[in-house]
Amino acid sequence: MSTSNYDITIIGSGPGGYRAAVLATLRGKKAAIIEKQTWGGTCLNRGCVPKKDWHETAKWIEQSRHFEKRGVVGSALTGDMAQAWRHQHQVVETVRTSYVDYLKRLGVHLYNGTGRFLDPQRIQIQGAEGLTEIHTETTIIATGSAPSLPAGIAAVPGKVLTSDMLYDDGVPSGDRVILVGGGVIGTEFAYIFTQLGKQVEWLVHSPSLAHTQYSPQAKDALKAALAALNIHPQAGFKIARIETAGDGVKIFNDQGESVQSDWVLLATGRHAFTEGLGLENTGVTLDDRGFVRTNTMLETEEPGIYAIGDAVGPIMNANQALSDAQIVIHNLLSKEKQERDPLWVPELVYSAVELARIGMDDEAAEDQGFEPAVGFAAFETSPRALGQDDSTGFVRLLADMDSGELLGGEIVGRDAGELIHLLASSGDRDEALRKIVETRVNHPSRAEELVNATETLAARWGLEEQIFGTTD
Ligand code: FAD
């Protein structure tokens, strides 16, 4: 049997693996990518892409309630989650086809099957047609994550679902849903499910987004937007067991109290997925939370093996996985090395309002010895936002009072996920605020509020010189 040889092999085709394969091949390397399940990983098939498709539909339904005052009249619109599932499925299939086509056109070698290390440079692939073995100089572990369930709770198809099962299998029948979890995914689904026509009981352990760095103002804006739609988390319900006998589902807490519904969605976190990878045949180790142990350049303890994305954690989002891929390929091919800097990778929440943030929050800035000044501009007077009937939210920038260095930023409101790129791409943080005020803007646009927030830093905190330059 002849063994194929590769410069770089990537295990897992999520955003991290896909991006690494594309970049490696564009830069002249012979690359292979191995996928055991569906091309595109969690993000494309069961995460970011279908979730954003649903968020868009949810926003349309919410906005349709105000159509009449804009002069759009007719019968009221309601959500149909089963149809919304079919819509996201079509979008996902279209994107997947184009992803796979692009990889093939670039000349990436695609293997369908489960990759397992035989030793640091030999990988066995168990596919539908049997075993294949490849030899590789370098490997990138991009095996992602899998849903975590509360202790003693098991998933039951059609009744007790993870988000993976919801996107893989479809929406179960029944309109009453118990949603468990107050993290990013739970907070997004609470809004999306409600707009798509479900009656949602939302059970959370700690307050929604408690473990994120969003400012109290951002969390309050989201809470108010959810409350306006009658979406309220029920805090302090600790799940003890779930009964699935009969038609519905009953969830019990440790006091013996129960809540009943047609089905349950558990958004209770995710853990790194490394099962069956054969790591025992390499020097790669896991930390005590099960993440692949790496240094800041994403090198594992085995020379020639790197790890990226959810497999490395602890931040588990596609933006981090994409950034990791870029860093590893850059470091493999360049003398000047880059380090992982999660602080400057954007974080997003797509719920009743969009939240986006990057950089330090107030507390981290103070801990680092900066004197943070706040620049603020609300969308409530933005001509673009008013014309869109969607003026909730604001831009909040943090800058160092002495140097005028941009320390971090937060955007709350429509298109926050797009606007955050203006901060992500502002380059040298010492020059970032000047770049923002000198940006040639489109008027009227939401982006203008970034300029306005920067100007308030000059007006209120005496940062004119750092932002506009010295006056002759
Ligand atoms: P993954 O996307 O998990 O891909 C890993 C791939 O590796 C999988 O396809 C798996 O089958 C494959 N694999 C594993 N082991 C092997 C093996 N031994 N051999 C071959 N293949 C293997 N992030 C955002 O940034 N924005 C969002 O809006 C967002 N929304 C989300 C919504 C939901 C409901 C969920 C669940 C997640 C969301 N995320 C979002 C998180 C995002 O999906 C993940 O952070 C991202 O997919 C991680 O990318 P990855 O490349 O590390 O791995």
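The values are calculated or read from the model by the stated rules, or taken from the named source; none is laboratory data. Just so we're clear, the structure is a prediction, and the values are computed from it rather than from any experiment. Ideal geometry is used to build each Cβ from the backbone, glycine not excepted, and the neighbour counts take in all protein chains shown. What goes into the accessible areas is simple: the full protein's heavy atoms, side chains included, and nothing from ligands, DNA or RNA. Shrake-Rupley method; radii C 1.70, N 1.55, O 1.52, S 1.80 Å.
Here are the numbers for this structure:
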{"item": "Mean-position separation - Cα centroids, segment 125-177 and segment 1-33, in angstrom", "result": "22 Å"}
{"item": "Charge dipole of the chain about the Cα centre (unit charges at C-beta), most positive-ward option of L333, Y214, W60", "result": "W60"}
{"item": "Under 16 Å from K198, Cα to Cα: aspartates and glutamates that are on another chain or at least 8 residues apart", "result": "E62, D80, D175, E188, D262"}
{"item": "Calculated over segment 110-265: convex hull of Cα atoms, volume per residue (Å³)", "result": "180 Å³"}
{"item": "Carbon + sulfur, % of accessible area of the chain - ligands and nucleic acids excluded, 1.4 Å", "result": "48 percent"}
{"item": "Evaluated at q = 0.13, 0.14 Å⁻¹: base-10 log I(q)/I(0), Debye formula over Cα of segment 38-165", "result": "-0.81, -0.89"}
{"item": "Taking N as its residue count, the alpha carbon Rg of segment 145-186 over 2.2 N^0.38 Å", "result": "1.16"}
{"item": "Span from the segment 313-383 Cα centroid across to the segment 404-470 one, whole angstrom", "result": "15 Å"}
{"item": "Long pairs among K59/K435; K52/K223; K69/K435; K59/K104; K52/K337, criterion Cα-Cα beyond 29 Å", "result": "K59/K435; K69/K435; K59/K104; K52/K337"}
{"item": "Neighbour net charge for Q388 - beta-carbon separation under 15 angstrom, K R +1, D E -1", "result": "-3"}
{"item": "Viscosity 1.567 mPa s, temperature 4 °C, Stokes-Einstein D of the chain from Kirkwood C-alpha radius, µm²/s", "result": "54 µm²/s"}
{"item": "Cβ-based charge dipole, segment 236-296, positive-most Cα from V259, G276, L286", "result": "L286"}
{"item": "Residue-wise HN-Hα coupling along segment 305-320, computed from phi with Karplus coefficients 6.51, -1.76, 1.60 (Hz; x: Gly, Pro)", "result": "10, 10, 9, 9, x, 4, 5, 9, x, x, 7, 10, 9, 5, 4, 5"}
{"item": "Residue-count net charge about F189 - beta-carbon cut-off 12 Å; Lys, Arg +1, Asp, Glu -1", "result": "+1"}
{"item": "Helix-derived mean residue ellipticity, 222 nm - over the chain, DSSP H n ≥ 4, -39500 (n - 2.57), to 500", "result": "-10000 deg cm²/dmol"}
{"item": "Heavy-atom surface of the chain, accessible at 1.4 Å and reported per residue (Å²)", "result": "46 Å²"}
{"item": "FRET E, pair A245, R86, Förster distance 30 Å, beta-carbon r, rounded to 0.05", "result": "0.50"}
{"item": "Reach of K335 by Cα under 18 Å, taken over lysines that are not fewer than 8 positions away in the same chain", "result": "K29"}
{"item": "Estimated dipole of segment 166-318 in Debye, rounded to 20 [Cβ of Lys and Arg +1, of Asp and Glu -1, Cα centre]", "result": "600 debye"}
{"item": "Candidate residues M165, M81: accessible-area rank, largest first, probe 1.4 Å", "result": "M165, M81"}
{"item": "Mean separation of Cα contacts under 8 Å, 6 or more apart, over the residue count of the chain: relative contact order %", "result": "13 percent"}
{"item": "Separation in nanometres of the label points that stand 7 Å from Cα toward Cβ, at T3 and D119", "result": "0.8 nm"}
